[in-house]
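Accompanying notes for the structure given below.
Every read-out reported here was derived from the displayed coordinates using simple, explicitly stated rules and does not represent laboratory data. Computed from a predicted structure; not experimentally measured. Positions of Cβ are generated from backbone atoms using ideal geometry, with glycine treated the same way; all protein chains shown enter the neighbour counts.
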Amino acid sequence: MSLEDEFGLAADRYSEIESVLEEAQLQVSDDAWRWNGGDVLPSAGGPGSFGEPLPGADGDNSYYFRVGRTLRPEGASGAVAGLEPMSSYFDEKGWKYGTRESGTKSEVRADTGDGWWLTYTVRDNGQYSLVVYSELYWTNDAGELRLAIGKRDVTPFPEESVPGEHEPFPTWSDPVQP
């Protein structure tokens with residue numbers, strides 16, 4: 001598969017993960033959420049990634065996407081009850097999920113069964129976060145794919161946005177930056 005074809009697949013996968021994030025965010029709030037960094041660049045895959053490991057996958061031949069946002073809802077206390085909107089959503093979707101408490105946070109994690117993992121965390125300080133991870137994807141060269149995306153991605157990510165607003169994925173025809 002050519003680098004251009006892999007770039008196109010990455011664009012499709014980015015669009016999918018942003019849709020998963022948006023739907024989950026709306027279960028909690030349609031207010032503006034703070035960004036945890038940019039979303040467009042995939043991460044190197046390999047051992048330790050979410051999902052079933054791909055036999056032989058490493059940081060050179062696989063990648064995954066991760067998108068995350070944080071929110072400080074009015075009156076948030078970090079109580080375990082703050083997980084309820086997301087737990088109910090996971091139930092409604094029929095996804096496998098589990099909860100855990102540790103120190104100053106509680107979280108619920110779900111496996112959608114079709115290549116996505118969501119983690120929703122509530123913290124005692126009132127900061128809540130939602131992170132979506134993709135499964136691993138094969139690539140001929142993870143570094144080259146990241147460069148192909150990164151050198152065309154000149155749009156700075158926003159500090160915050162409402163659900164559904166995200167960085168546009170660059171197009172193959174966008175100018176390559178030095």
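Based solely on its DSSP helices, what 222 nm [θ] is calculated for the chain when runs of n ≥ 4 H residues each add -39,500 (n - 2.57) and the sum is averaged over all residues, nearest 500 deg cm²/dmol? Provide the component values of the computation, followed by the final result.
On the way: 3 runs with 42 residues, N = 178.
Value at 222 nm, helices only, nearest 500: -7500 deg cm²/dmol.
So how tilted is helix 84-93 from the main axis of the chain? Cα-based, degrees 0 to 90, rounded to 10.
60
Using just the C-alpha positions of the chain as equal point scatterers, what log10 of I(q)/I(0) does the Debye formula give at each q in 0.11, 0.18 1/Å?
Debye intensities relative to I(0), on a log10 scale: -0.50, -1.17.
Going by how many other beta carbons lie within 10 Å of each one, how would you line up S106, S134, fewest first?
Values: S106 20, S134 24.
Fewest-to-most ranking of S106, S134: S106, S134.
Cα to Cα, under 16 Å, and not fewer than 8 places away if on the same chain: which aspartates and glutamates meet these conditions relative to K151?
The qualifying aspartates and glutamates are E4, E6, D39, D141, E167, D174.
Which whole-Hz ³J(HN,Hα) couplings does the stretch 138-150 yield from phi under the Karplus relation 6.51 cos²θ - 1.76 cosθ + 1.60, θ = phi - 60°, glycine and proline marked x?
Computed from phi, the couplings for the stretch 138-150 are 6, 8, 6, 7, 4, x, 5, 5, 4, 5, 4, 6, x Hz.
Add +1 for every Lys or Arg and -1 for every Asp or Glu among the other residues with Cβ under 12 Å from the Cβ of A79, and state the total. Intermediate values should be presented prior to the final figure.
Working: positive: K105, R123; negative: E84, E101, D124.
Every neighbour counted, the sum reads -1.
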